[in-house]
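The values are calculated or read from the model by the stated rules, or taken from the named source; none is laboratory data. All values reported here derive from a predicted model rather than from experimental measurement. Every residue, glycine as well, gets a Cβ built from its backbone with ideal geometry; the counts of neighbours run over all protein chains shown.
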Amino acid sequence: MNSLVSPLRLFIPSPLFNTKKMAVFRDWADACPYVGLYDRYIVDKFGGVHSFYKTYFPQVDIVSPSRLAELQDQLRLLLTQLPHEIAQTQHLFTCNGDYGPLLEQFAAVPSDPLVESFRERKAKRLFQKMVKRKLVRIETHTVLTVAPQSRIKQTEWFLRIGGRESVEIERRRISKAQFDSAVASLQAAESVFAEIMKKASARFVPLDAREIADYFFRLWNPGLAVEEAMKVNYDYERMPFVDSWMLQEVTVHKDMIQIGDYYHGLVSMVGLPLETRPRDMEKLTVGLPFRDVRVSLIVRKTEKTKEMEKLRKRIDWADQRMRLGLNLIDMLYKPHENRRESGIQNIEAWMQIEEAQNLLKDIRSGEDDLLQVQLTVHFWHKQKEEVKKRAKILLNRFGDLSRAKGWIEQSSLLPVLMSELPAVYAPLTRPLLVRGRMAADLIPLCRGLESDEKPIHLFGNTTGGLVPLDLEDKRNEGASMLYISGVKGSGKSALAQIIVLRHLRPDSWLIILDKGNSYDRLVELSGGTTIRLDMATPKCFNPFEVYTQRNSKGELIEPSDHELIKVVNCLEILATSQRGEPLRIEEKNILESLTRQTFSNAIKNRATYVTLDDFARQMAYRADAQFLAESLKAFVDGRYKRWFNGTTQVHWKTKVIHFDFEYISKDKDLAAALIPMAVLFVSDIILSHPHVFKMLVFGEMWQHVSNPATANLIIEAFKTYRKKRCAIIGESQAILDLVDNPAVAKAVIQNVDTWILFPQGSEHHIEFAVKELELTKGQRDLLTHLRSCSRVHPDGEVELWREAFYLRGRGPESLSGVIRAEIEPEEYWLTTTTPADFPAWDAARKAFPEEMNQALESLSAKYPLGVREEKPKSPFRSNLQQSFYETKS
């Protein structure tokens, strides 16, 4: 009869007689090792008190080798230098594709009513994608544990189960005083934990009671949380912790556990790798070809003297084993005086001896420590065969980890699962002794490119997850400064418009300075005004009317000093544009005096507005104003009269204003007067509303750098406008374009905290970006290996995205990696600048002249990837237009 005690008996009293290989229902509460959740601390049935933290480590795939080595040193300190009261640290990697709370938050963000449908449509498609298990969410957590003091026993059971001696941990209850003492120890250790994490450029956030319950609920109930969109129902004051997530029946099979509709499997590491490097754990985390997996690494300290004695015994045992083997060789073949030079020797024994000797050397010198670890991989799926398939894949991945050995848990599945659950201080059923450096290498760090900002806008990432972006993130002073660059056709303009679309709120303002019609459809959709400054169609900008107000009867109100100064500044711009030199102080005084007198006469006459003709009459009465009459002649009754002398057509009655400077720039004299006045107008809008969220967009910024007025606006905007609650978005083909104006380049590079870089073109442009942004070699590799995708799946799902390098923040705590600018079909047609799409757009607008949303929906249904993907056989324009009229009818 086998004398081995089944580990299952420690957790569940099994019946005396049981048919082999039969699925058995178990009461999950009997096996569950949790007592309860008090405040934010978990207490288990072994007396352990646990504190749960969500961790954010640096992106290991982009840091420099030296920085990666420093990170691993700090992680080793995390495992060895925490206070001695911390009996265990547990490091969790969870990949389950569950974005339910984030998507609910994204859908609940208030948007402008005219563009709200775009957010609703995007949220609905993301929810559908999540239900189909096509999203990948990665989280990393750390659990600190304080265990009660108890006597240590060494038993044969643990020797045989674990392969090595292990400390037996008994089930026990703790008193209120012991709990308070454990909480005090955890709070004291948290300060040390924070210091070590800070040195590693990492950070952590303690989870409260509801967040912990939500984590367990979504971990053990993926069908309810993801597919049924259920939320955790946890009343801390009245409900036991286990009842908040223990909701479905549990059935124990031969090699897996069934919870609800999902089958759960477990693979443990039973043999150490020969050697490890910092990024080796990616093979078992982000490198896996499937999601719905949780990796758990439990680390415990060991007693130095006892472990050194064990190592000496191991050396003696291996030496005796080798001697026996060589003695047998001597008897059968021929003697060998030098065992090392023998052609036949026990390689495994020699490796064990050398490893143990190196460990002894490091422990004596203090260079390293010996730790006890247990590494397990927990995975789940709805189909049994898929669970078995994934178990075999994990075995191969363990082999890829420097020949480590994995083991598919079958008869010992339940006890191993109970010992590796989050926040449990149970006996380790698969303990292994490792160096501190190896234990640090085994910590699962990589969590993909994700952030915890408010999800105003959502990018995709390369691992299948989502990256939130909030231009008003309060934790980052420079969060509102965004710069997008990329070669022609890379999608920079489309991305800028989509980010603006997501941030448009009912009370927000949007000002766009551009040269071209890229933003026309967005402005029209949002009910804005496009001021296209073209010589063929003059638009009057009357400074006397723009900056003044009227009473209820429509009569002019006397302007305030602030308003008067703005009018005088506009008149000064007109005067200096023709002279080519600034006004002297006495000339400015004359200009201000004439302006006051003009307004005074108009108010006396109860006029509704003032024009340049009124101002010219006042100039005629003064001999010292002759210089003004000559400077303003072209604007009063000359070739530019229709632009400045009359009722104004430039106003800020709408909250979305788009200035197009493309055509006006060809007339240098008019541009010298009109562009600075438009810049002054924009600056006034921003400075006059400091408490309202505003967005200022510079389309094709390289075209604005050469103009002194717009260049000064760029400098001022990137330096100071963030204090006025204004987000600045600049887009250009390359960062190198800014060098034409060194002052602009300096202001932008020093103040922008968020960079989105599409393909940069030539090597010269890439090297300039790498130098100015201080990118590492890993970041440069990401920038030069960007991809794109444009296809329609057989089930009708549209996949349209382009990758870009993303850098947000400064210093070692910055967030960087590759994002995917995902575009929905309706958003594509709203932002497209591809010439081949214009005939289709014109035909759609003729079919739906009053409903732009219907035109967008029709185009997205017929051409989800754009017209360039389709090739109609018949003449394009006529057939396309006819199809839209048929759709409308």
ask   = Can you tell me which residues in region 374-404 are without any contact (Cβ under 8 Å) to a residue 40 or more places away in the chain and under 30 Å from the mean Cα position of the chain (by Cα)?
value = none
task = Search region 737-751 for residues that are over 19 Å from Leu775 (Cβ atoms) and pair each with any residue that is assigned to a helix (DSSP H, G or I) and basic (Lys, Arg) when their beta-carbon atoms are under 8 Å apart and the residues are at least 6 apart or on different chains.
result = Ala747/Lys719
inquiry  = I'd like to check something: does region 860-883 contain any residue that is farther than 30 Å from Ile756 by Cα and modelled with pLDDT of 90 or more?
reply    = yes
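Any idea which residue in region 629-667 is surrounded by the fewest Cβ atoms within 10 Å (Cβ to Cβ), counting only those that are of a type in the set (Lys, Arg) and within 42 Å of the chain's Cα centre (by Cα)? Please lay out each step first, then the result.
The initial filter retains those residues of region 629-667 that are of a type in the set (Lys, Arg), namely 633, 639, 641-642, 653, 655, 666.
Now drop any that are not within 42 Å of the chain's Cα centre (by Cα), which leaves 653, 655.
Working: Lys653: 6, Lys655: 22.
Within region 629-667, the match that is surrounded by the fewest Cβ atoms within 10 Å (Cβ to Cβ) is Lys653.
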query = Out of curiosity, is Asn707 modelled with pLDDT under 90 and of a type in the set (S, T, N, Q)?
reply = yes
ask   = Which fully enclosed strands (runs of 3 or more DSSP E) of region 362-437 have 1 or more residues being within 21 Å of Arg277 (Cα to Cα) and among the hydroxyl-bearing types (Ser, Thr, Tyr)?
value = 370-381
key: Scan of region 605-628 for residues that are crowded, with 19+ Cβ neighbours inside 10 Å and part of a loop (DSSP other than H, G, I, E, B), ordered by number   = Val610, Thr611
ask   = Between residues in region 464-475 that are not assigned by TED's automatic domain parsing to the domain that holds Leu288 and modelled with pLDDT under 90 and residues that are in a loop (DSSP other than H, G, I, E, B) and among the small types (Gly, Ala, Ser), which pairs lie under 6 Å by C-beta distance while being six or more apart or on different chains?
value = Gly465/Gly448; Asp473/Ala479
query = Looking at region 817-833, which of the residues that are among the β-branched types (Val, Ile, Thr) and closer than 17 Å to Gln854 by Cα is surrounded by the fewest Cβ atoms within 10 Å (Cβ to Cβ)?
reply = Thr831
query = In region 264-283, which residues are of a type in the set (A, V, I, L, M, F, W, C), buried (at least 21 other Cβ atoms within 10 Å of the Cβ) and at pLDDT below 90?
reply = Leu272, Met281
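Restricting attention to region 777-798, and to residues there that are touching a strand residue (DSSP E or B) at 6+ places or on another chain (Cβ under 8 Å) and exposed (fewer than 13 other Cβ atoms within 10 Å of the Cβ), which single residue is nearest to Leu126 (Cα to Cα)? Walk me through how you get there before you give the answer.
We begin by selecting, within region 777-798, every residue touching a strand residue (DSSP E or B) at 6+ places or on another chain (Cβ under 8 Å); these are 779, 782-783, 786-793, 798.
Now restrict to residues that are exposed (fewer than 13 other Cβ atoms within 10 Å of the Cβ): 787, 789, 791, 793.
Values: Arg787: 21, Cys789: 18, Arg791: 17, His793: 16 Å.
Selected residue: His793.
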remark   = Scanning region 210-240 residue by residue, the ones that are farther than 23 Å from Phe93 by Cβ and either surrounded by 18 or more Cβ atoms within 10 Å (Cβ to Cβ) or in contact with a Leu (Cβ under 6 Å, 6 or more places away or on another chain) (or both) total 2
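Within the group Asp261, Asp319, Asp330, which residue is surrounded by fewer than 18 Cβ atoms within 10 Å (Cβ to Cβ), of a type outside the set (Ser, Thr, Tyr) and at pLDDT 85 or above?
Asp261
Does Leu482 qualify as being surrounded by 23 or more Cβ atoms within 10 Å (Cβ to Cβ) and assigned to a strand (DSSP E or B)? Quick ask: steps written out before the conclusion?
On the way: surrounded by 23 or more Cβ atoms within 10 Å (Cβ to Cβ): yes; assigned to a strand (DSSP E or B): yes.
Considered against the rule, which asks whether it is surrounded by 23 or more Cβ atoms within 10 Å (Cβ to Cβ) and assigned to a strand (DSSP E or B), Leu482 comes out as yes.
Just for region 65-110: of the residues that are among the small types (Gly, Ala, Ser) and more than 21 Å from the chain's Cα centre (by Cα), which one is farthest from Lys777 (Cα to Cα)?
Kept after step one, since they are among the small types (Gly, Ala, Ser), are these residues of region 65-110: 66, 69, 87, 97, 100, 107-108.
Subset that is more than 21 Å from the chain's Cα centre (by Cα): 66, 69, 87.
Numbers: Ser66: 12, Ala69: 15, Ala87: 39 Å.
Restricting to residues being among the small types (Gly, Ala, Ser) and more than 21 Å from the chain's Cα centre (by Cα), the top hit is Ala87.
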request  = Enumerate the pairs (first residue in region 112-131 and within 13 Å of Glu827 (Cβ to Cβ); second residue anywhere and crowded, with 17+ Cβ neighbours inside 10 Å and of a type in the set (S, T, N, Q)) with beta-carbon separation below 7 Å, excluding pairs fewer than 6 apart on the same chain, so at least 6 apart or on different chains.
outcome  = Val115/Ser526; Arg119/Ser111
message = Could you go through region 126-140 and let me know if any residue there is assigned to a helix (DSSP H, G or I) and in contact with a strand residue (DSSP E or B) (Cβ under 6 Å, 6 or more places away or on another chain).
response = no
task = Return yes or no: is Ala494 outside the structural domain of Gly265 (by TED's automatic domain parsing), among the small types (Gly, Ala, Ser) and modelled with pLDDT under 90?
result = no
ask   = Got a sec? Which of Ala717, Ala743 is in contact with a Cys (Cβ under 8 Å, 6 or more places away or on another chain), over 15 Å from Ser816 (Cβ atoms) and of a type outside the set (Lys, Arg)?
value = Ala717
